[in-house]
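The values are calculated or read from the model by the stated rules, or taken from the named source; none is laboratory data. These numbers were taken from a predicted model, which means no experiment stands behind them. Cβ sites come from the backbone with ideal geometry, for glycine too, and all protein chains shown count toward neighbours.
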Amino acid sequence: MAIELSYILESNINKYKDEKSLQETGIVLSMSDGIARCYGLTKIQAGEMVEFNNGNIKGMALNLEPDVVGVVVFSNDREIQEGNFVRRTGSIVSVPVGPEVLGRVVDALGQPIDGKGQINSKLESRVEVKARGIMPRESVKEPVQTGLKAVDSLIPIGRGQRE
């Protein structure tokens, strides 16, 4: 009896895993015009995804100051108030890319909003990437007409990448 009890206890102890994780959290100091100023996220990276409150509102860290981080909010900022919690996710903001995304309507995070189901793309690209230099880009060869005479005459637009 004692052997069986000790075996059961030992097997249950071995199954137990402490899955606590340490997360860096902060507090929203102010919120205006879609920018949340947050305190306490000392090790955050530029372009890192953050979650507000229970995780249903997301944002991206852009302005990294010594004590305060400026976060661009991706959805309705009216739900975020001073004193709300914000936490790091540890991942840089990226969106799905590839042929599966062509013809789809997506939000700022690459989530479909056209009602055609999920996007099953295996490829992702970071939102913030450095653009190629001007010289390797293709020259502008073809004019693009907007249909507005004022715009077409004052601001000529060309198809291509070179400035």
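Given the criterion touching a Leu at 6+ places or on another chain (Cβ under 6 Å) and part of a strand (DSSP E or B), identify the matching residue among G59, G26.
Of the residues listed, the single one that is touching a Leu at 6+ places or on another chain (Cβ under 6 Å) and part of a strand (DSSP E or B) is G26.
Is it fair to say G103 is at pLDDT 90 or above, out of contact with any Ser or Thr (no Cβ under 8 Å at 6 or more places or on another chain) and on the phi > 0 side of the Ramachandran plot?
yes
Got a number for residues in region 71-86 being over 13 Å from the mean Cα position of the chain (by Cα) and not polar (S, T, N, Q)?
8
State the number of residues belonging to region 64-102 that are in contact (Cβ under 8 Å) with a residue 24 or more places away in the chain, exposed (fewer than 14 other Cβ atoms within 10 Å of the Cβ) and more than 24 Å from I119 (Cα to Cα).
Number of matching residues: 5.
In region 116-163, how many residues are touching a strand residue (DSSP E or B) at 6+ places or on another chain (Cβ under 7 Å) and under 24 Å from S91 (Cβ atoms)?
8
Where residues in region 135-163 are surrounded by 10 or more Cβ atoms within 10 Å (Cβ to Cβ) and either touching a His at 6+ places or on another chain (Cβ under 8 Å) or touching a residue at least 24 places away in the same chain (Cβ under 8 Å) (or both), which of them is nearest to V72 (Cα to Cα)?
Q161
Assuming I113 fulfils every condition listed in (1) modelled with pLDDT of 90 or more; (2) touching a strand residue (DSSP E or B) at 6+ places or on another chain (Cβ under 8 Å); (3) surrounded by 10 or more Cβ atoms within 10 Å (Cβ to Cβ) apart from one, which condition is it?
(3)
Which number in (1) farther than 18 Å from E24 by Cα; (2) surrounded by 16 or more Cβ atoms within 10 Å (Cβ to Cβ) marks the one condition that K58 misses?
Failed condition: (1).
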